[in-house]
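Note sheet for the following structure.
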Amino acid sequence: MVYRRTRRRELAIATFQQALSLDPTLWSAYENLCELAADVEAADVFGERFGEDQMEHDVTATPNPSMALNFSGSSASKLSFRGFGTTPMSGGGGGGGAAGGGGAAEGRGAAPGLMSLLRELGAGYKALCLYDCTTAIERLDGLPPAQRNTGWVLAQLGRAHFEQADYATADTVFKQMRSVDPGRIEGLETFSTVLWHLRKEVDLCYLAQQAMELDRTAWQCCCVVGNCFALQKEHESALKFFQRAMQIAPAEPYAHTLAGHEHLANEEFDRALDFYRAAIRADERHYNAWYGLGYVYYRQEKYDLAE
């Protein structure tokens, strides 16, 4: 993460790949590789690579797959899938459910199901990071209901529909995300932008209120409130919350881009350029900022730069 935050992309990719070579279930490493547009395939990373001796260890899933799944080495020898649902996974020996039972045989039986799940999640997430939204939707929508109807998967599906400018469907999916995981913060910034595009002022105000109750120090929640003020054309108030989001998480490009949009709406082109450039420095693949940069140059009649 240090290499990534300091914009040393090649070193970051090599380090994340090394982490995956040591532990192929380390989801956070794979997630970062996808976000860096690295040449990585879910089918290769999450293959059937574990022998029976390795399955004597625990696998403890965290509340959502954006965090790592690690073998813990506890003597309990159980397989827990709290973050990935509780559907049974077939296998030899015990044949029990993913979260229940005991013994190494049950862990060995569930392991292929875990890797199969990670392959599907991984393929869908990589497609989304490459903006192949149709493929991402197909892969994630094809998950078993116990896995599809989780906060993390619904957040990715909502984002995929948002990237396709299918705001009505994105709204429906994000509302489902809020229903199954009301405490989830990740994804709220995109949901608020969906509501901004749909001009749903009442829904956006309600979401802003809920976001502040969840965590007023989260950058995503600050972006939600900023979008709420932006929809009401209270640009100064919107900018205050976007700037607060930048202070909380300066490496996140989205708040910089939203601030750029506000300055653009006020025809403050030089200030807008500053924020778009800051967003690109944080993430050179953040196309929203590139679009904003080009649009400002277009408005300034600097057509060569815009192109």
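Exceeding 32 Å between C-alpha atoms, which entries from my cross-link table qualify? They are 233/302; 175/233; 126/302. Cα-Cα > 32 Å for 126/302; rest within. Against the criterion of solvent-accessible heavy-atom surface with a 1.4 angstrom probe, 1, 246 sort, most first, into 1, 246. Accessible area per residue for segment 149-192, computed on protein heavy atoms with a 1.4 Å probe, is 34 Å². For segment 246-299, the list of GluC sites (Glu not before Pro) that fall in a loop by DSSP and count at most 11 other C-beta atoms within 10 angstrom reads 267. Dividing the alpha-carbon radius of gyration of segment 109-232 by the rule-of-thumb value 2.2 N^0.38 Å gives 1.10. Once the C-beta distance of residue 248 and residue 21 is scaled by a Förster radius of 35 Å, the resulting FRET efficiency is 0.55 to the nearest 0.05.
Positive contributions from Lys and Arg (+1) and negative ones from Asp and Glu (-1), summed over other residues with Cβ under 14 Å from the Cβ of residue 232, come out at -1. Of the accessible area of segment 171-229, computed with a 1.4 Å probe over protein heavy atoms only, carbon and sulfur atoms account for 52 percent. Between residue 134 and residue 175, the contour length at 0.36 nm per residue exceeds the Cα-Cα span by 12.7 nm. Note on residue 241: accessible area is roughly 40 Å² with a 1.4 Å probe, heavy atoms of protein only. Each Lys or Arg adds one and each Asp or Glu subtracts one; over the other residues with Cβ under 13 Å from the Cβ of residue 156, this totals -4. Here segment 255-307 and segment 134-200 have alpha carbon centers that stand 26 Å from each other. The calculated Kirkwood hydrodynamic radius for segment 168-207 is 10.1 Å, given to one decimal from all distinct C-alpha pairs.
A simple count of charges around residue 270, restricted to other residues whose Cβ falls under 13 Å of its Cβ and scoring Lys, Arg +1 and Asp, Glu -1, yields +1.
Solvent-accessible surface of protein heavy atoms, probed at 1.4 angstrom with all chains present, puts 235, 261 in the order 261, 235, largest first.
The values are calculated or read from the model by the stated rules, or taken from the named source; none is laboratory data. Fair warning: this is a prediction, and the values are worked out from it, not measured in the lab. With ideal geometry, Cβ positions are generated from the backbone for all residues, glycine too; neighbour counts draw on all protein chains shown. When the accessible area is computed, the model is the full protein with side chains, heavy atoms only, and any ligands, DNA or RNA have been set aside. Shrake-Rupley method; radii C 1.70, N 1.55, O 1.52, S 1.80 Å.
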